[in-house]
Structures are given as C-alpha cells and as structure tokens.
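The values are calculated or read from the model by the stated rules, or taken from the named source; none is laboratory data. Note that the coordinates shown come from a computational prediction; the quantities given were computed from them, not determined experimentally. Methodologically, a virtual Cβ is constructed for each residue, glycine included, from the backbone with ideal geometry; neighbour enumeration extends over all protein chains shown.
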Amino acid sequence: MTAEMIHPIVLWNSPNGSSWQLHADSAIHTNGVWLFFNVTEYAQTNESAPLLPFLQTNALAMPEFDETPSQIKSEIKINDWLAIGIVQKADVPLKDILGYLRLNPNPPRSISDKLLTELHGRIAAPWTCLGVVFIAIPFGVAPGRRNLFVGVAGSIAICFTYFVIQKVSLALGSQNDLPAWLAAWLPNLIFGATGLFLMLRVR
C-alpha cells in the first residue's frame, strides 16, 4: 500500500533537546517507510539558537517516522471535528471515532474525554425513546380527565428537561467532570428510573 503527501512539513524534537524540521516537495509511504523527495532538513540546537539548514538531498528515507497513512487521515478528521465550534459541530461518524481510538490507543486526555463521551452518547441516543415511554406510561394510564393544555405543557416540560440534562451531562463528560459512559447514559438513567417509579405508583 502506498500513500502520497504534497509539500509535507514535519517537526520533531530529539532526545538531546534539539528541534528539527523537514521540508519536502512530496513524500510517499511504501513498504512501511516514509520516503521524502527534494528534502531540506533544518536543525535548532536550542531555543535561543537560529534554525539552520542541516541537510539537502533529492531523496530521504525516514524509517523512524512510524505514523501510517491511516493514522494521519484519522488524526486530521478528528482534529477538524474538534476544531468546529460547538454550535456548528455535527456528529462525528462512529467509524471515525472507533478508527481513531483503534489507531491511537492512548490519545491525549483532552481528546479522549470528548471522543469517548461522543461515542457513548451516540450509543445511548436510541435508548432515549425507551426512557420517554417509561415517563409517558404513568401519565397515560392515570385515572381521571385532564385538561388538554396541561398535557401539552407537561410534554413540553419533559422534553425540555431531558434536553437540558443531556446537554449539561455531555458537557461534563467532555470536560472529564463525569466518566464518559455516565455522562452519556445519565439522562436515560434518570428518566428510566423516574418512569419506573411512577409506574409502580399507578394503581
């Protein structure tokens, strides 16, 4: 499998504290190794030293760069999703989340909290209907006649309450104030438990 990058720029630090930059016209990943073409490599021995050209060559193999094309594509997708504002942010596809976590088993905490919360939230979302049903049954079987306005207002209040709890819970999960699984499932747990309690009280 081969993959190509155009005008890549790679930055990294050596164990001795020096900084390096690699600028190339193109790069391909073949046989498990990145191969760069028309390369200029720069070195900076310390923070106060200038960045100076170190090497120029037509082709340079860098076996120490162990990131695969799949990892790079996954990283780009997730970083683009994280960079979108909260108002504009769409649901990231589950396959992208799972792919990123598979290729990056130990991502930064700031990223893993958001991704795991989003992952559990996507799994918990279909169960919302069950929680709503648990809440609706006690109201539906309650004896006596009720004002239509009261029923409509109650329904709106229930939906609004669920929405608020869900948003607050997911925000807490993304900030690591709650475990990701609990942040995603908390609204369903609250509504499900409340519905079961009300059903037991119906005579």
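Here are some notes:
- Answer from VAL39, VAL92, VAL33 - the residue that is among the aliphatic types (A, V, I, L, M), surrounded by 15 or more Cβ atoms within 10 Å (Cβ to Cβ) and farther than 30 Å from GLN175 by Cβ: VAL39
- Residue count, region 31-67 (criterion: at pLDDT 90 or above, among the polar types (S, T, N, Q) and closer than 17 Å to MET5 by Cα): 3
- Taking the criterion of being over 14 Å from GLY121 (Cα atoms), surrounded by fewer than 19 Cβ atoms within 10 Å (Cβ to Cβ) and not aliphatic (A, V, I, L, M), the residues of region 160-191 that qualify are PHE160, THR161, GLN175, ASN176, ASP177.
- Residue in region 47-66 that is exposed (fewer than 14 other Cβ atoms within 10 Å of the Cβ) and closer than 30 Å to ASP113 by Cα present: yes
Yes/no per residue for (1) among the aliphatic types (A, V, I, L, M); (2) modelled with pLDDT under 85; (3) within 19 Å of the chain's Cα centre (by Cα):
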residue	(1), (2), (3)
LEU148	yes, yes, no
GLY151	no, yes, no
LYS167	no, no, yes
LEU170	yes, no, yes
ASP177	no, no, yes
GLY192	no, yes, no
MET199	yes, yes, no
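- Residue within region 58-71 that is without any contact (Cβ under 8 Å) to a residue 60 or more places away in the chain and in a helix (DSSP H, G or I) present: yes
- Single residue of region 3-30 satisfying the filter (surrounded by 12 or more Cβ atoms within 10 Å (Cβ to Cβ) and hydroxyl-bearing (Ser, Thr, Tyr)) that is nearest to PRO69 (Cα to Cα): THR30
- The numbered conditions (1) closer than 22 Å to PRO105 by Cα; (2) at pLDDT 90 or above are all true for GLN71 except (2).
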